[in-house]
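Quick notes on the structure that follows.
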Amino acid sequence: MLLADGTLMSPAKLRERVAEVVGGEGWHPATSLEDVTGPVTDLVAQLTALGLAFSDDLAVRMDRPGQFAALAALRAHALRPRKYVSSA
């Protein structure tokens with residue numbers, strides 16, 4: 001989501017932003033840069049291997065096909081049927 005608009009971001013800034021989102025939204029009680037470094041690095045490596053992103057030591061950016069894939073995934077997530085948990 002953070003890269004879906006094609007923004008060029010440093011790997012360090014990307015990790016920082018992911019930690020802010022994960023911690024700020026309460027997805028994980030104690031989120032630090034160390035907690036997100038491995039998963040973010042793995043994701044960027046996978047996106048790069050699939051030709052969906054460009055990355056090196058200085059920058060990460062979604063390529064056009066990566067942007068389309070990210071937006072399609074966000075749209076599918078937003079439009080999927082909701083599952084509610086009831087106490088009854």
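The values are calculated or read from the model by the stated rules, or taken from the named source; none is laboratory data. Everything quoted here is computed from the prediction, not taken from an experiment. Because the Cβ atoms are built from the backbone with ideal geometry, glycine has one as well, and the counts that use them run over all protein chains shown. These area figures cover heavy atoms from the full protein model, side chains too; ligands, DNA and RNA do not enter into them. Shrake-Rupley method; radii C 1.70, N 1.55, O 1.52, S 1.80 Å.
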Kindly report the accessible area of the chain per residue (heavy atoms of protein chains, probe 1.4 Å, no ligands, DNA or RNA), in Å². 73 Å²
Using the Cα centre of the chain as origin and beta-carbon charges of +1 (Lys, Arg) and -1 (Asp, Glu), tell me which of 33, 59, 22 is placed farthest towards the positive end of the dipole. 22
Farthest towards the positive end of the dipole of the chain, among 68, 4, 81 and with Cβ unit charges of +1 on Lys and Arg and -1 on Asp and Glu, lies the Cα of 81
Pop out the ³J(HN,Hα) list for region 38-51 in order, Karplus 6.51 cos²θ - 1.76 cosθ + 1.60 with θ = phi - 60°, rounded to Hz; leave Gly and Pro as x. x, x, 5, 4, 5, 5, 4, 5, 5, 4, 5, 4, 7, x
log10 of Debye I(q)/I(0), alpha-carbon scatterers only, for the chain at 0.12, 0.20 Å⁻¹: -0.43, -1.00
At what distance in nm do the modelled label points of residue 63 and residue 32 sit from each other, each positioned 7 Å from its Cα along Cα→Cβ? 3.6 nm
Taking placed amide H atoms and a strict 5 Å upper bound, the residues 5 or more places from residue 60 or on another chain that come that close are 9, 10
Nearest 10 degrees, 0 to 90: what angle lies between the long axis of helix 64-79 and the longest principal axis of the chain (Cα atoms)? 10 degrees
Built amide H within the under 5 Å cut-off of residue 53, gap 5+: 48, 63
For residue 84 paired with residue 49, estimate the spin-label separation in nm (one decimal), with each label point 7 Å from Cα along the Cα-to-Cβ line. 4.1 nm
Acute angle (nearest 10 degrees) that the helix 11-24 long axis makes with the longest principal axis of the chain, alpha-carbon atoms: 10 degrees
How much length is gained if the chain between residue 7 and residue 77 is pulled fully straight, taking 0.36 nm per residue apart and subtracting their Cα-Cα distance, in nm to one decimal? 23.0 nm
Tally Lys and Arg at +1 and Asp and Glu at -1 over the other residues with C-beta under 12 Å from the C-beta of residue 67: what net charge comes out? 0
Any idea what the dipole of the chain comes to, in debye rounded to 20, about its Cα centre with Lys/Arg Cβ at +1 and Asp/Glu Cβ at -1? 540 debye
Per residue of the chain, what 222 nm ellipticity follows from adding -39500 (n - 2.57) for every DSSP H run with n ≥ 4, rounded to the nearest 500? -17500 deg cm²/dmol
